[in-house]
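Take a look at the structure set out below.
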Amino acid sequence: MTAGLTGRLTAFVQALRAHGIPVGPGETVDAAAVAELLGLAHREQLRAGLAAALLRGQQQRRVFDATFDLYFPLRVGGVSAEASRDELRERLARALAADDRAALAGLAAEAVGALGRFGNPPGSGGWSASQTLDRLRPQTLLAGLLAERQELRARQQPQFTDRLAADQFRHRIDFFRALVATEARRRAAELAGTDEIARRAVTPSVERTDFLYANHAQLAELRRTVQPLARRLATRLAARRRRAARGSIDLRRTVRRSLGTGGVPLRPAYRQRRPQRPELVLLCDVSNSVAGFSDFTALLVQALRDQFSRVRVFAFVNQLAEVTDGGLDRARMVGLHGYSDYGTALGQFADRHLAAVTPRSTVLVLGDARTNRRDPNLAALARIALRARRVYWLNPEPPSLWNTGDSAAAEYASVVPMHPCRNADQLGRFVERLLP
Amino acid sequence: MSGETGTHIFASVAEVEERLGEAGYLASTAVATTVFLADRLGKPLLVEGPAGVGKTELAKAVAAVAGARLVRLQCYEGVDESRALYEWNHAKQLLRITAGRAESWEAARNDIFTEEFLLPRPLLTAIRGSEPTVLLVDETDKADVEVEGLLLEVLSDFQVTVPELGTITAERRPFVVLTSNATRELSEALRRRCLFLHLDFPEPALEERIVRLRVPGLDAALAASVVQVVGALRAMELRKHPSVAEAVDWARTLLALGADTLDETVLRQSLGVVLKHQEDIRRAGEQLGLTRP
């Protein structure tokens, strides 16, 4: 293998590691064997081959693809970018109608070249996908595409699948948008250096997406991972319980059973432990700053419902309301002002709903502990902690931000243990510890 | 590491695609490439993905193409060494001891721990043969963690140690496929020894070819519609998404019903073939705009 390819491959592996994909030296050697065997002639084959050697799960795939596009780019340099915006739109419409993926890829490159430059002189600042898409506006092509399809189909029998056409076109437009993003990253990498862009511009995998900075699409993707995550946790717990049940002998039942075999204990009886299913009470801050986090945690707990004997969910911004049976109506939780107020909410919980907490319950408080400079009401939290079996505070902020600004994290942490919980990965590990 | 260890069934990625196609398995580029690499590098292939995308079929197709025998180890909760590797035939050993009452214990012992009294289970069977073999370890995630440890040992060296007989090494390495539905995370150690392939629902064009290959009498336009609707169903939030197998079943049903286009009535009647939960059927009906009868 040439030295250039080896260097590129190791840099690629380094970039993957930086994004939390654990690639060991053994895998790197495998990847090198793969690259040698397949050669560089077929890019998609190389992509599939390297993925097979380096990846250990599908959730790593998106990061892998984006990084692969940077280190093994489709082309080098720009394509001639003389086409005008209208001409590009027209050609894009044709390619979308025909679902011509090769043409779409070519168009994405041209569009970034023609419309994506910024900085002065053009191109010195970099290449922007959002600027390209803002100017090109591919989503506005939808109506035209549908009308054209209608015209084509007018002569034929109307078909059932016609009503799926809009979704299909939207799907193709999204595909094109992703191509533009990839192309813009590639051009930027040529300017700033591949390693730099790989570190900055590749979005992390969904498990490691920070709750606080997740955008709308990432939150939707997170919600889709709730069910698989819950299932994984449940099977892991079941296996742990099975293992824990083995081993300790129930002497009384063993002796009783041995009477049937003349006093010889042929079949020992094991002690059956019935794990106590904890009751869970959730207090969620649903103000905008931490809504994504609370939302996800509440969904995960609901999905794990049968692991707990009872789950109750309360939500607040500055007024507390029970939302166990759904119906997250934000108006009920907002009082005179729209800022979160932990003190009032904790006080209301301690006054009105303390009966929900029993010596068997675990209470989870979800929020960033930013009280907007109001009274944190530590006494209320202490009352809850006194009554519950355990109270944990999950904070989506990194510990370095605790106690900065209006955060009362340290004060609350002096009453109940506080854990940072920044992404789905950490949350999953916490919930696993929580359950018997 | 590569070179001598591979099973060498295929010469190139294109050949994999072509020969699997002849065996009735239409492979995407990713599948063909990974199968080729598993063949060349001699590493086990770990196939993960939702139910019904053809994980098991892939192993069968490779076996058919290579003219190899297929040895299958079906994993389930509680499968153990004696089910996966080998077992001594105790009953037969007892008979042998009773038959030779006069002989000394030494002679009897040397005799009862021989090949004749060994019951080989799938893993040992796959290693012992001299003909080409495809070993399929199905639903690996259902097995307990202990079995994974056993697999590790077998799959890294392709040898098994039977204390009474010695170590049995594979004369010819089998082509190994492990499948998993990801109900449990397989251990990192096992994953590291395998090539990883995630089989997902195929692209519409490929799925159309699969449907038409499996249901030969089907009209091309109808096949396209079937794939399109199944694709739309997969985009919905359902309890169970329709798999390729269900798309094929549905196409068969439509053929049997004699439908030549897909319309509301046909769809409402046959949606139960694709979706297996009443709630899913109701929700899909709403979203597709099927008026209730």
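The values are calculated or read from the model by the stated rules, or taken from the named source; none is laboratory data. Please read these numbers as outputs of a predicted model, since none were measured by experiment. Cβ sites come from the backbone with ideal geometry, for glycine too, and all protein chains shown count toward neighbours. Surface accessibility is based on the protein's heavy atoms, side chains included, excluding ligands, DNA and RNA. Shrake-Rupley method; radii C 1.70, N 1.55, O 1.52, S 1.80 Å.
Quick one: if the Förster radius is 56 Å, what FRET efficiency do residue A:139 and residue B:81 give, using the C-beta to C-beta distance and rounding to 0.05?
The calculated FRET efficiency here is 0.45.
Would you compute, from DSSP H runs of 4+ residues alone, the mean residue ellipticity of chain B at 222 nm, taking -39500 (n - 2.57) per run and dividing by the full residue count, rounded to the nearest 500?
Using -39500 (n - 2.57) per qualifying helix, the result is -14500 deg cm²/dmol.
Taking all protein chains together and a probe of 1.4 Å, list B:121, B:172, B:209, B:191 from the most accessible to the least accessible.
Result, largest first: B:209, B:172, B:121, B:191.
Please compute the average number of Cβ atoms from other chains found within 10 Å of each residue's Cβ in peptide A:221-229.
The mean count of partner-chain Cβ atoms within 10 Å per residue comes to 1.
First measure r as the distance between the Cβ atoms of residue A:238 and residue B:103, then evaluate 1/(1 + (r/R0)^6) with R0 = 60 Å and state the FRET efficiency to the nearest 0.05.
FRET efficiency, residue A:238 to residue B:103: 0.75.
Based solely on its DSSP helices, what 222 nm [θ] is calculated for chain A when runs of n ≥ 4 H residues each add -39,500 (n - 2.57) and the sum is averaged over all residues, nearest 500 deg cm²/dmol?
Calculated mean residue ellipticity at 222 nm is -16500 deg cm²/dmol.
In Å², nearest 100, what accessible area do chains A and B bury in total when the solvent probe is 1.4 Å?
2900
Relative to the first principal axis of the alpha-carbon coordinates of chain B, what is the inclination of helix B:278-288, with its axis defined by its Cα atoms, in degrees from 0 to 90 and to the nearest 10?
40
Taking a probe of 1.4 Å, how large is the accessible area per residue of the protein assembly as shown, in Å²?
That works out to 47 Å² per residue.
What residue among A:402, B:12, A:138 has its Cα farthest toward the positive end of the dipole of the protein assembly as shown, where the charges are +1 on Lys, Arg and -1 on Asp, Glu, each on the Cβ?
A:402
Keeping all protein chains in position, work out how much accessible area residue A:171 exposes to a 1.4 Å probe, and write it in Å² to the nearest 10.
About 130 Å², ignoring ligands and nucleic acids.
Averaged across the residues of A:43-52, what count of C-beta atoms belonging to other chains lies within 10 Å of each residue's C-beta?
Mean partner-chain Cβ count within 10 Å for A:43-52: 6.
Kindly identify region A:277-434 as rounded, prolate or oblate by the Cα gyration tensor criterion: order the square roots of the eigenvalues as a ≥ b ≥ c, call it rounded if a/c is under 1.5, otherwise compare a/b with b/c, prolate if a/b is larger, else oblate.
Taking the square roots of the gyration eigenvalues as a ≥ b ≥ c, region A:277-434 is rounded.
About its Cα centre, how strong a charge dipole does the protein assembly as shown have in debye, to the nearest 20, once Lys and Arg get +1 and Asp and Glu get -1 at the Cβ?
My answer is approximately 2540 debye.
As an exercise, identify the GluC sites (Glu not before Pro) in region B:1-110 lying in DSSP coil whose Cβ has no more than 13 other Cβ atoms within 10 Å.
B:4, B:77, B:103
So if a site counts as exposed when it's one of the trypsin sites (Lys or Arg not before Pro), its DSSP state isn't H, G, I, E or B, and it has at most 11 other Cβ atoms within 10 Å, what's the longest stretch of chain A without one?
A:274-372
Using a cut-off of 12 Å between beta-carbons, work out the net charge of the residues near residue A:100 (Lys and Arg +1, Asp and Glu -1, residue A:100 not included).
Summing Lys and Arg as +1 and Asp and Glu as -1 gives +3.
Which FRET efficiency value, to the nearest 0.05, is calculated for residue A:178 and residue A:289 with the Förster distance at 41 angstrom and r the Cβ-Cβ distance?
Efficiency at R0 = 41 Å is approximately 0.90.
Can you put B:105, A:127 in order of accessible area, largest first, using a 1.4 Å probe?
Most to least solvent-accessible, the answer reads B:105, A:127.
When Lys and Arg each count +1 and Asp and Glu each count -1, what net charge do the other residues less than 12 Å away from residue B:279, Cβ to Cβ, add up to?
Value of the local net charge: +2.
Just counting partner chain Cβ atoms within 10 Å, what average do the residues of peptide B:199-205 show around their Cβ?
Taking all residues of B:199-205 together, the mean is 1.
Starting from the eigenvalues of the Cα gyration tensor, five times each then square-rooted, give me the equivalent ellipsoid semi-axes of the protein assembly as shown, largest first, whole Å.
Calculated on Cα positions only, the semi-axes equal 46, 41, 28 Å.
Compute the separation of the alpha-carbon centres of region B:169-207 and region B:1-66 and state it in Å as a whole number.
11
For region B:48-163, report the translational diffusion coefficient in µm²/s to the nearest whole number, using Stokes-Einstein at 25 °C, 0.890 mPa s, and a Kirkwood Rh over Cα pairs.
Diffusion coefficient, whole number: 150 µm²/s.
Roll a 1.4 Å probe over the protein heavy atoms and report the accessible area of residue A:357 in Å², nearest 10.
Estimated to the nearest 10 Å², residue A:357 gives 0 Å².
What residue among B:84, B:66, B:232 shows peak mean-square fluctuation when chain B is described by a Gaussian network model with Cα springs under 10 Å?
B:232
With a 1.4 Å probe and all protein chains kept in place, how much accessible area does residue B:43 have, in Å² rounded to the nearest 10?
Counting only protein heavy atoms, the figure is 30 Å².
For a label point 7 angstrom out from the Cα of residue B:165 toward its Cβ, which stretches of region B:91-124 have the backbone nitrogen within less than 12 Å?
Inside the label zone: B:113-124.
Once you place label points 7 Å from the Cα toward the Cβ at residue B:95 and residue A:99, how far apart are they in nm?
6.2
In debye to the nearest 20, how big a dipole does chain A give about its Cα centre with +1 on each Lys and Arg Cβ and -1 on each Asp and Glu Cβ?
Rounded to the nearest 20 debye, it is 2720 debye.
Ordering B:168, A:21 from largest to smallest accessible area (1.4 angstrom probe), what's the sequence?
Highest to lowest solvent-accessible surface, that is B:168, A:21.
Sketch the reach of a paramagnetic label on residue A:86 as a point 7 Å from Cα along Cα-to-Cβ, and name the residues of region A:103-119 whose backbone nitrogen lies under 19 Å away.
Of the residues in region A:103-119, A:111, A:114-115 have backbone N under 19 Å from the label point off residue A:86.
Considering only protein heavy atoms and a 1.4 Å probe, what is the carbon-and-sulfur percentage of the accessible area of region A:277-434?
Looking at region A:277-434 in its full context, I get 50 percent from C and S.
Divide the volume of the convex hull of the Cα atoms of region B:140-293 by its number of residues and quote the answer in cubic angstrom per residue.
169
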